[in-house]
């Protein structure tokens, strides 16, 4: 169904369709790896997402890096004429790691970085990544669960990368460590257009 692998949550029917120039979510925070990963599909998806955010008039908010999938996403958005805001802690603000061609906001701590990114974004997307991506993803999901925000959270499940993670979430629900809504809070798609469409339509349960 338009590349959507699985989308949960309440998707309302719409009587009108807004043109692409008027996105529902005007800024998207992207969490992703500072390494490119082993599969070329990861970098291709990052570039596609960055370009689509720019083409649809959305601001990209991300971790400020110029390497790995972070750099791929940011360069693609910038090349397509989009606004890109990077948020990076001072200890990572080096010539080798930071991408100084974007609007770079330097903060003092990792906690301040995550809070600033969350404040700037209308929604959140995780691309493949490692511990840092997992940390950011689960923290923003936890904030949603305890009522600190009602913004949509999506996974771009490139080449099945997040299959095991989603299985772990479902196991937590089955074993009573997470509420039934824990899984339905996560929107999942295999390509950027489908995921953004689902996120624009999302209403928190």
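Within the range 170-187, is even one residue at pLDDT 95 or above and closer than 22 Å to residue 61 by Cβ?
Looking through the range 170-187, at least one residue is at pLDDT 95 or above and closer than 22 Å to residue 61 by Cβ.
How many residues, within the range 34-52, are under 15 Å from the mean Cα position of the chain (by Cα) and either over 16 Å from residue 193 (Cβ atoms) or without any contact (Cβ under 8 Å) to a residue 40 or more places away in the chain (or both)?
Residues flagged as under 15 Å from the mean Cα position of the chain (by Cα) and either over 16 Å from residue 193 (Cβ atoms) or without any contact (Cβ under 8 Å) to a residue 40 or more places away in the chain (or both) within the range 34-52 amount to 6.
Would you point out the residue of the range 155-165, among those that are in contact (Cβ under 8 Å) with a residue 60 or more places away in the chain and touching a strand residue (DSSP E or B) at 6+ places or on another chain (Cβ under 8 Å), that is farthest from residue 26 (Cα to Cα)?
157
Hey, does the range 171-189 have a residue that's touching a residue at least 60 places away in the same chain (Cβ under 8 Å), within 19 Å of residue 49 (Cβ to Cβ) and surrounded by fewer than 20 Cβ atoms within 10 Å (Cβ to Cβ)?
Quick first cut of the range 171-189, residues touching a residue at least 60 places away in the same chain (Cβ under 8 Å) only: 183-189.
Going one step further and asking which of them are within 19 Å of residue 49 (Cβ to Cβ), we end up with 186-189.
Filter again for surrounded by fewer than 20 Cβ atoms within 10 Å (Cβ to Cβ), leaving none.
There is no residue in the range 171-189 that is touching a residue at least 60 places away in the same chain (Cβ under 8 Å), within 19 Å of residue 49 (Cβ to Cβ) and surrounded by fewer than 20 Cβ atoms within 10 Å (Cβ to Cβ).
The values are calculated or read from the model by the stated rules, or taken from the named source; none is laboratory data. All figures in this text were calculated on a predicted structure; none of them were measured in a lab. Quick reminder, even Gly has a Cβ in these numbers, built from the backbone with ideal geometry, and neighbours come from all protein chains shown.
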